[in-house]
Amino acid sequence: MRITFILLLSFISFMLLPFSSVYAAPLTVGGTATDWELQAKDGSSVQYYVDSEDKVSVIIFWATWCPYCITLMPHLEDIYRQYRNKDVKFYAIDVYEDGVIDPIEYFDKKGFTYTMLMDGDEVATQYGVRGTPAVYVVGKDKKVVYKRPTGMSDVLVKQNVGLRIKQALAK
């Protein structure tokens with residue numbers, strides 16, 4: 001019986017091995033946001049560290065099928081409009097698409113004006129993103145100053161993102 005249990009446990013561990021390193025450890029407050037390069041919806045290439053040099057940035061990982069993204073993104077658009085002429089960059093990184101809705105059409109139809117980036121699955125993996133929406137505010141030094149807690153209401157996210165941007169700009 002004991003040998004059977006050990007063999008079963010070994011088999012399960014072996015089967016889960018490929019999945020253990022699929023995602024990096026989640027990026028947390030105080031951690032350093034890694035550099036990446038993605039294609040914007042207009043076809044241009046955006047290299048994060050170059051594009052956001054000496055700027056505060058807001059990064060949202062989103063998907064067209066995500067109901068929480070649908071309700072949160074208009075709030076982020078409001079914040080973007082408030083800070084777009086200051087040293088703040090917004091990046092909406094499209095991830096985990098199912099192919100049903102075209103993300104560019106969706107983004108344009110909703111009237112979002114911040115930078116939309118395509119095919120961000122690999123970046124989401126680097127950041128340890130396991131669900132959408134994932135929202136980060138990153139300071140000028142590339143340190144994360146805010147990460148949206150799972151389940152937080154849109155209004156609280158909007159308040160926290162706005163507050164963290166304000167604090168990061170003051171540094």
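Could you calculate the FRET efficiency of residue 154 with residue 110 from 1/(1 + (r/R0)^6), where r is the beta carbon distance between them and R0 is 22 Å, rounded to 0.05?
0.90
Could you check the spin-label model distance between residue 51 and residue 82? Points 7 Å from the Cα along Cα→Cβ, value in nm.
Once both label points are built, they end up 2.3 nm from each other.
Based on alpha-carbon centroids, what's the gap between the range 110-171 and the range 34-86 in Å, whole number please?
Centre-to-centre (Cα) distance: 8 Å.
What pairs in 55/110; 109/142; 41/147; 110/142; 147/171 have C-alpha atoms more than 20 Å from each other?
55/110; 109/142; 41/147; 110/142
Roll a 1.4 Å probe over the protein chains and send me the accessible area per residue for the range 46-135 in Å².
Roughly 46 Å² per residue, with all protein chains present.
What does the C-alpha gyration tensor say about the overall shape of the range 111-153? Classify as rounded when a/c is under 1.5, otherwise prolate if a/b is larger than b/c, or oblate.
Rounded, since a/c falls under 1.5.
Bins of 10 Å, beginning at zero and ending with the bin holding the largest distance: percent of Cα pairs per bin for the chain, please.
10, 37, 33, 10, 7, 4, 0
Can you list the HN-Hα couplings for the range 103-115, worked out from phi with the Karplus curve (6.51, -1.76, 1.60; θ = phi - 60°), rounded to whole Hz and with x for Gly and Pro?
x, 5, 4, 4, 4, 5, 4, 6, x, 6, 10, 7, 5
Sorted by packing (mean other beta-carbon atoms within 10 Å per residue), highest first, where do 100-112, 134-146 land?
Going from most to least packed, we get 134-146, 100-112.
For Cα pairs less than 8 Å apart in space and 6+ apart in sequence, what is the mean separation divided by the residue count of the chain, i.e. the relative contact order in percent?
Here the relative contact order equals 31 percent.
Grab the other residues whose beta carbon is less than 9 angstrom from that of residue 103, score K and R as +1, D and E as -1, and report the net.
For residues surrounding residue 103, the net value is -3.
Taking all protein chains in place and a 1.4 Å probe, what share, in percent, of the accessible surface of the chain do carbon and sulfur account for?
C and S fraction of accessible area: 58 percent.
Find out how many positive minus negative residues lie around residue 167, taking Lys and Arg as positive, Asp and Glu as negative, among other residues whose Cβ is under 14 Å from that of residue 167.
That works out to +4.
The values are calculated or read from the model by the stated rules, or taken from the named source; none is laboratory data. Just so we're clear, the structure is a prediction, and the values are computed from it rather than from any experiment. For neighbour counting, all protein chains shown are included, and Cβ atoms are generated from backbone atoms with ideal geometry for every residue, glycine included. What goes into the accessible areas is simple: the full protein's heavy atoms, side chains included, and nothing from ligands, DNA or RNA. Shrake-Rupley method; radii C 1.70, N 1.55, O 1.52, S 1.80 Å.
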